[in-house]
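Have a look at the structure below before the remarks.
The values are calculated or read from the model by the stated rules, or taken from the named source; none is laboratory data. Nothing here was measured: the structure is a model prediction, and the numbers come from that model. As a convention, Cβ positions derive from the backbone with ideal geometry for all residues, glycine included, and neighbour counts pool all protein chains shown.
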Amino acid sequence: MGPIPLRWNGTCANGHDSSTFNCNKKIIGARSYGAGEIKSRTPRDMMGHGTHVAYTAAGVEVKDVSYYGLAAVTAKGGSPGSRLAIYQVFSSQNGSHGSTVLAAFDDAIADGVDVLSLSFGSSSFLEQEFINDPIALGAFPSVQNGITVVCSAGNDGPNPGSVVNSAPWILTVAASTIDRVFESDVVLGNNKVIKGTGINFANIQNSPVYPIIYAKSAKKSGVDENATRNCEPNSMDQEIIKGKIVVCDNEDSLYPQINKQDEVKKLGGIGVILIDDELRGVAFNFGTFPMTLISSKDGAKVLSYINSTKNPVATILPTTAPANYKPAPTIAYFSSGGPSTIPKNILKPDIAAPGVNILAAWIGNDTVQTLKGKDPPLYNVFSGTSMACPHVSGIAAAVKSRNPTWSPSAIRSAIMTTGEELKMQIWACIYMVTSGTFD
């Protein structure tokens, strides 16, 4: 890359990072705004989220990348030629405060950025009036100073009116699917193959040799049946679960899928098949314990097989990542829906972008996403409107670089009027996205 522009006023602040680093011609700014953690304040990414979204926005082209061999591709961000400035407003222990967000906005304006990409926001249940919302407040003077502000729409969908970051001067981004999926199929003892979704690196046989049971059949005495069929903690009999693949529901349950996996694993189960129409659109990372998500329609087939077979067996196949999946793009089920409720006369989100099963760069010292016996992954797969937002930020940066005199409104208009049509799903409505999607 060429020299850093003379108009750039930013700095590369190591803060209290013991392993200091230097900015370069790609990362030209780094600031940290620790929330009461002066000794640990650093702009260095400790969780992976920031690295993932930064690469999605402006990462350079890298060939032959994958997540442990899955989804091998040539990767690059939305605007590979753009430079990055990092404003670390979240701390690992204390989250973030409105004052730190506003301080980062002030510095970004003074530093001379062109686009601000914010992959965070409040829950839709906690969203405040614009006059009290630090993101809305910080974005307004940013736009006045010629900065395009792009924000994630939130992950509280598909409920209508759940969109956040809905100020009219913000470009609010929903999440859409892509044509690549991560499949972990189920093979039943009658040789029927059931399509499943998930990422797992389990080392079990591909042949259907493992006993399979519906969780409801392992109900403990005195336990609510709904808790048992949802594989909730302390609801299943260990002697019945041990050595079996367990089929779990995920209906009206307060426990996330990872808790169900942990419970079956703790009881000595072989694997988990989770029935959920909405979650199966996202490839959750289940590590080395066999788990996959299937639709309710396919769940009925599995339960029918179990009920009609004396000794039902099955297996969960290793994950593959086929491309050209249809229908795509569709709006992601988790993407927060509009319209805005603060105030109620603003149509949001503005645009959708890929936010499901996105492969991008990851931190090199990760432990959570690292497989046992393997080096930490340099690329990882994640989903959310956090991943959709930087796709549009990269587009905004590319548009700005080619049209340096364009205002944020002109850039926003160009993006919103050139999106492609989404394929609608049963849970989606027009209020989930107003101007189509980018792929």
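Close Cβ contacts (under 8 Å, 6 or more residues apart or on different chains) running from residues in region 55-78 that are in contact (Cβ under 8 Å) with a residue 12 or more places away in the chain and at positive phi to residues that are surrounded by 18 or more Cβ atoms within 10 Å (Cβ to Cβ) and among the basic types (Lys, Arg) comprise ALA71/ARG180. Picking from residues in region 159-206 that are at positive phi and touching a Ser or Thr at 6+ places or on another chain (Cβ under 7 Å), the one that is surrounded by the most Cβ atoms within 10 Å (Cβ to Cβ) is ASN165. Kindly evaluate VAL356 against the criterion of being under 17 Å from the mean Cα position of the chain (by Cα), assigned by TED's automatic domain parsing to the domain that holds PRO390, among the β-branched types (Val, Ile, Thr) and surrounded by fewer than 24 Cβ atoms within 10 Å (Cβ to Cβ). No, not satisfied. Restricting attention to region 214-226, the residues being buried (at least 17 other Cβ atoms within 10 Å of the Cβ) and at pLDDT below 95 number 0. When THR100, THR74 are screened for being at pLDDT 95 or above and among the hydroxyl-bearing types (Ser, Thr, Tyr), only THR74 passes. Does region 288-304 include one or more residues that are assigned to a strand (DSSP E or B), over 30 Å from ALA218 (Cβ atoms) and within 20 Å of the chain's Cα centre (by Cα)? The answer is no; no qualifying residue exists. All conditions in (1) within 14 Å of ASP114 (Cβ to Cβ); (2) outside any helix (DSSP H, G or I) hold for LYS374, with the sole exception of (1). Tell me, yes or no, whether region 333-354 has at least one residue that is part of a loop (DSSP other than H, G, I, E, B), closer than 23 Å to GLY198 by Cα and in contact with a His (Cβ under 8 Å, 6 or more places away or on another chain). Checking region 333-354: not a single residue is part of a loop (DSSP other than H, G, I, E, B), closer than 23 Å to GLY198 by Cα and in contact with a His (Cβ under 8 Å, 6 or more places away or on another chain). Regarding region 50-65, can at least one residue be identified that is of a type in the set (A, V, I, L, M, F, W, C), part of a loop (DSSP other than H, G, I, E, B) and at pLDDT below 95? So far as region 50-65 goes, no, none of its residues is of a type in the set (A, V, I, L, M, F, W, C), part of a loop (DSSP other than H, G, I, E, B) and at pLDDT below 95. In the condition set (1) in contact (Cβ under 8 Å) with a residue 40 or more places away in the chain; (2) buried (at least 17 other Cβ atoms within 10 Å of the Cβ); (3) not polar (S, T, N, Q), VAL399 is compliant with all but (1). Of the residues ASN230, ASN206, the single one that is in contact (Cβ under 8 Å) with a residue 24 or more places away in the chain and within 26 Å of GLY157 (Cα to Cα) is ASN230. Consider SER124 carefully, then state whether it is polar (S, T, N, Q), buried (at least 23 other Cβ atoms within 10 Å of the Cβ) and in contact (Cβ under 8 Å) with a residue 60 or more places away in the chain. No: the conditions fail for SER124.
When the criteria are applied in full, ASN165 fails the requirement of being in the same structural domain as VAL272 (by TED's automatic domain parsing), outside any strand (DSSP E or B) and modelled with pLDDT of 95 or more. Criterion first (closer than 16 Å to ASN200 by Cα, touching a residue at least 40 places away in the same chain (Cβ under 8 Å) and either among the acidic types (Asp, Glu) or surrounded by fewer than 18 Cβ atoms within 10 Å (Cβ to Cβ) (or both)) does PRO322 satisfy it? Judged against the criteria, PRO322 is a match.
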